[in-house]
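A.B. asks: Got a structure here, written out as structure tokens. Questions coming.
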Amino acid sequence: MENNLENKLWDIVIIGGGATGMGTAIDAASRGYKTLLIEKEDYGKGTSSKSTKLIHGGVRYLQQGNLPLVFEALKERAILKKNAPHIVHDLKFVVPTYDWWESPFYGIGLKMYDWLAGKEGFGDSKILSKEETINLLPTITQENLRGGVIYHDGQFDDSRLLINMMQTAKEQGATVLNYCEFLKFTKTKEGIINGGQILESNSNRKYSVKTKVIVNATGVFTDTIRCLNNKTTHKIMTSSQGVHIVLHKSFLPGDTAIMIPETSDGRVLFALPWHNRIIVGTTDTPVTKYSYEPTPQKEEIDFLLTHIAKYLTKNPTRKDIKSVFVGLRPLVKNGNAEDTKSISREHLIEDSNNGLISIAGGKWTTYRKMAEETVDKAAKLANLPEVKSITASLKIHGHRISTEPNHLLSIYGSDAELILELIQQRPELGEKLHPKHLINKAQVVWSIHNEDAKTIEDFLARRTRLLFLDAKASIQCATAVAEIFKQELNHTKEWKQQQIVAFTKLANQYLAFPIHS
């Protein structure tokens with residue numbers, strides 16, 4: 001690795017392996033630029049694996065009157081569905097209505113949503129009768145129910161898309177490394193950035209890399225990197241955390257989601273079918289300390305349970321929660337705004353004037369457009385040959401319209417056949433890891449050799465989503481997964497035991513009861 005990293009002048013070095021960083025790597029490499037991306041932890045360990053799993057225009061931004069943001073996001077939604085149809089799919093949403101004015105009011109708003117999407121819409125919205133609403137949402141509270149409004153949006157598996165994006169970046173010629181920390185900038189006498197020092201965690205080796213420009217795509221940690229460059233720089237980031245709880249499918253059977261336009265704290269509330277579970281989210285609690293694994297507060301969990309219970313015939317309790325996950329929103333400061341709910345999800349690209357470009361804010365849906373604009377700016381700054389972005393038509397790795405959308409391996413797209421071949425070659429890999437879940441041993445082996453999985457957490461949290469779907473089951477699988485890693489990578493017994501202990505500690509944070517109350 002040393003020769004490849006150090007004996008090369010990179011055109012662009014990207015810090016951060018979430019949606020924005022990986023999108024930037026794809027865009028830069030596909031233009032022919034020599035591109036290196038480094039991520040301190042695993043790809044998507046932070047916010048990018050903890051979203052509400054929606055590729056959407058943002059009905060809430062429509063309410064706020066931010067039509068340009070909604071229009072851009074709807075355009076990107078359509079591009080993403082074309083480029084990654086094995087991961088992005090249409091999801092029906094129903095807004096249940098209990099007051100006489102709600103159906104016409106939300107009906108008009110969602111017609112505007114359809115209009116903004118134009119011919120790239122996923123389906124037309126329409127007003128539903130009470131019977132039609134109950135038919136789509138059999139467990140909806142029927143007392144005072146008048147009907148509903150149906151509309152269509154996009155859903156995806158965030159970290160599965162990110163892993164396929166990582167593979168796409170590599171296919172385009174980028175060098176992409178997880179568990180590689182950026183330590184410091186190197187500069188010329190004039191203070192112009194000409195590279196940096198990085199630490200490869202597993203070997204504990206430091207490398208010096210040379211580059212023409214550095215892109216800071218570190219989400220909520222954007223200011224940390226900016227301050228490494230200039231200690232006195234003003235901070236541009238703020239954040240709030242969004243908590244999601246995961247419930248059994250029986251709480252909302254069928255394939256239709258519920259959207260509540262406004263809760264008591266002014267947020268939109270969703271109950272979404274996802275991987276045969278129900279996700280309920282989300283909250284909006286301002287935070288000042290940022291970590292890869294933020295902790296949900298008892299009040300946030302209670303808030304979600306209380307509010308969703310108003311709309312379901314079966315009221316969920318803490319005992320029903322299969323997993324709790326928390327994402328931090330990377331928000332660009334909006335003057336002196338204290339209310340994080342009102343801060344726009346628009347992005348900001350900042351040029352430090354000495355060779356650092358910071359891309360901040362934004363949302364999953366618009367990652368491609370953000371990346372395109374970032375590379376445009378970085379290429380100009382570094383005097384790179386002018387090449388237009390091709391990512392609007394670039395297929396994401398695994399691209400295939402699945403004939404069996406509910407099949408266990410359909411999320412892998414065209415890679416599914418290769419995993420099945422692996423099982424034919426080594427039949428023991430067809431064995432399930434857990435009696436209640438369909439994940440098999442072949443997926444572990446595949447993730448190690450084809451998806452850069454280096455820890456059992458990488459596999460159980462992000463290459464598959466078991467930690468997010470059933471935290472208790474993921475703990476029960478830890479030993480079997482660690483054994484496969486040990487065998488495939490020739491690790492020691494001590495390594496295996498450390499992995500089991502570390503993962504069990506993490507997974508306990510995703511359980512509803514060990515959380516501090």
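A.B. asks: Read phi for every residue in the stretch 277-284 and hand back ³J(HN,Hα) as whole Hz from Karplus 6.51 cos²θ - 1.76 cosθ + 1.60, θ = phi - 60°, with x for Gly and Pro.
C.D. replies: 9, 10, 9, 10, x, 9, 9, 9
A.B. asks: Can you give me the angle between helix 158-171 and the longest principal axis of the chain, using Cα atoms only, in degrees from 0 to 90, rounded to the nearest 10?
C.D. replies: The helix 158-171 is inclined about 30 degrees to the chain.
A.B. asks: So the label point goes 7 Å from the Cα of Asn276 along Cα→C-beta, right? Which residues of the stretch 418-439 then have their backbone N under 17 Å from it?
C.D. replies: 430-439
A.B. asks: Please give me, ordered by residue number, the GluC sites (Glu not before Pro) of the stretch 123-174 that lie in loop per DSSP and have at most 16 other Cβ atoms within 10 Å. The partial results should precede the final answer.
C.D. replies: Values: sites: Glu131, Glu132, Glu143, Glu171; in loops: Glu143.
Here the GluC sites (Glu not before Pro) that fit, given the DSSP loop and packing criteria, are Glu143.
A.B. asks: Which whole-angstrom value gives the distance between the alpha carbon centres of the stretch 100-141 and the stretch 455-507?
C.D. replies: The stretch 100-141 and the stretch 455-507 have Cα centres separated by 42 Å.
A.B. asks: Oh, and also: Antiparallel DSSP bridges in the chain: what percent, to the nearest 5?
C.D. replies: Numbers: 61 of 80 bridges.
Antiparallel bridges: around 75 percent, rounded to the nearest 5.
A.B. asks: Next question, about the same structure. How large is the convex hull of the C-alpha atoms of the chain per residue, in Å³?
C.D. replies: Values: hull volume 76.7 nm³, N = 517.
Expressed per residue, the convex hull around the Cα atoms of the chain is 148 Å³.
A.B. asks: How high is the relative contact order of the chain? Use alpha-carbon pairs under 8 Å, at least six apart in sequence, and give a whole percent. Write down the numbers at each step before the final one.
C.D. replies: Working: 1056 pairs, mean separation 96.6, N = 517.
Relative contact order, the chain: 19 percent.
A.B. asks: Counting only heavy atoms of protein chains, what accessible area per residue, in Å², does the chain have with a probe of 1.4 Å?
C.D. replies: Numbers: 21660 Å² over 517 residues.
That works out to 42 Å² per residue.
A.B. asks: Loop only per DSSP, at most 15 neighbouring Cβ atoms within 10 Å: give me the trypsin sites (Lys or Arg not before Pro) in the stretch 5-38, ordered by residue number. Please report the intermediate quantities before stating the final value.
C.D. replies: Values: sites: Lys8, Arg31, Lys34; in loops: Lys8, Arg31, Lys34.
Hits after loop and neighbour filter: Lys8.
A.B. asks: Let me ask something else. Among Thr504, Thr313, Ser447, flag the residue with its Cα farthest along the positive direction of the charge dipole of the chain, charges on Cβ as +1 for Lys/Arg and -1 for Asp/Glu.
C.D. replies: Checking the options against the dipole of the chain, the answer is Thr504.
A.B. asks: Please give the helix 441-450 orientation as an angle from the longest Cα principal axis of the chain, in degrees from 0 to 90, rounded to the nearest 10.
C.D. replies: 40 degrees
A.B. asks: So for the pair Lys231, Glu6, with labels modelled 7 Å out along Cα→Cβ, what separation do we get in nm?
C.D. replies: 2.8 nm
A.B. asks: State, to one decimal in nm, how far the label point of Lys126 lies from the label point of Trp495, with both points 7 Å from Cα in the Cβ direction.
C.D. replies: Using points 7 Å along Cα→Cβ, the separation is 5.8 nm.
A.B. asks: Here is a follow-up. Taking N as the number of residues in the stretch 201-248, what is its Cα Rg relative to 2.2 N^0.38 Å?
C.D. replies: Values: Rg = 16.6 Å, N = 48, 2.2 N^0.38 = 9.6 Å.
Its radius of gyration relative to the 2.2 N^0.38 Å reference: 1.74.
A.B. asks: First compute the accessible area of the chain with a 1.4 Å probe, then give the percent of it belonging to carbon and sulfur atoms. Present the calculation step by step, with values, prior to reporting the outcome.
C.D. replies: Working: 11170 of 21660 Å².
Exposed carbon and sulfur together represent 52 percent of the surface.
A.B. asks: Out of the chymotrypsin sites (Phe, Trp or Tyr not before Pro) in the stretch 97-139, which ones are loop residues according to DSSP with at most 13 other C-beta atoms within 10 Å? Spell out each step's value before the answer.
C.D. replies: Values: sites: Tyr98, Trp100, Trp101, Phe105, Tyr106, Tyr113, Trp115, Phe122; in loops: Tyr98, Trp100, Trp101, Phe122.
Passing both the DSSP loop test and the Cβ count: Trp100, Trp101.
A.B. asks: Given 37 °C and 0.692 mPa s, compute D for the stretch 420-517 with the Stokes-Einstein relation, Rh being the Kirkwood radius over Cα pairs; round to the nearest whole µm²/s.
C.D. replies: Values: Rh = 13.7 Å.
My calculation gives 240 µm²/s for D.
A.B. asks: Return an integer: the convex hull volume of the alpha-carbon atoms of the stretch 366-484, in Å³ per residue.
C.D. replies: Numbers: hull volume 18.2 nm³, N = 119.
With only Cα atoms used, the stretch 366-484 gives 153 Å³ per residue.
A.B. asks: Using the alpha-carbon atoms, what tilt in degrees (0 to 90, nearest 10) does helix 67-83 show relative to the longest principal axis of the chain?
C.D. replies: Tilt of helix 67-83: around 70 degrees.
A.B. asks: I've got another one for you. Compute the FRET efficiency between Trp115 and Asn144 as 1/(1 + (r/R0)^6), taking r as their Cβ-Cβ distance and R0 = 30 Å, and round to the nearest 0.05.
C.D. replies: Details: r = 31 Å, r/R0 = 1.02.
About 0.45, to the nearest 0.05.
The values are calculated or read from the model by the stated rules, or taken from the named source; none is laboratory data. This structure is a prediction, so every number in the text was calculated from the model and none was measured. All Cβ positions, even for glycine, are placed from backbone atoms using ideal geometry, and neighbour counts span all protein chains on display. Ligands, DNA and RNA are stripped out before the accessible areas are found, and what is left, the full protein with its side chains, is counted by its heavy atoms. Shrake-Rupley method; radii C 1.70, N 1.55, O 1.52, S 1.80 Å.
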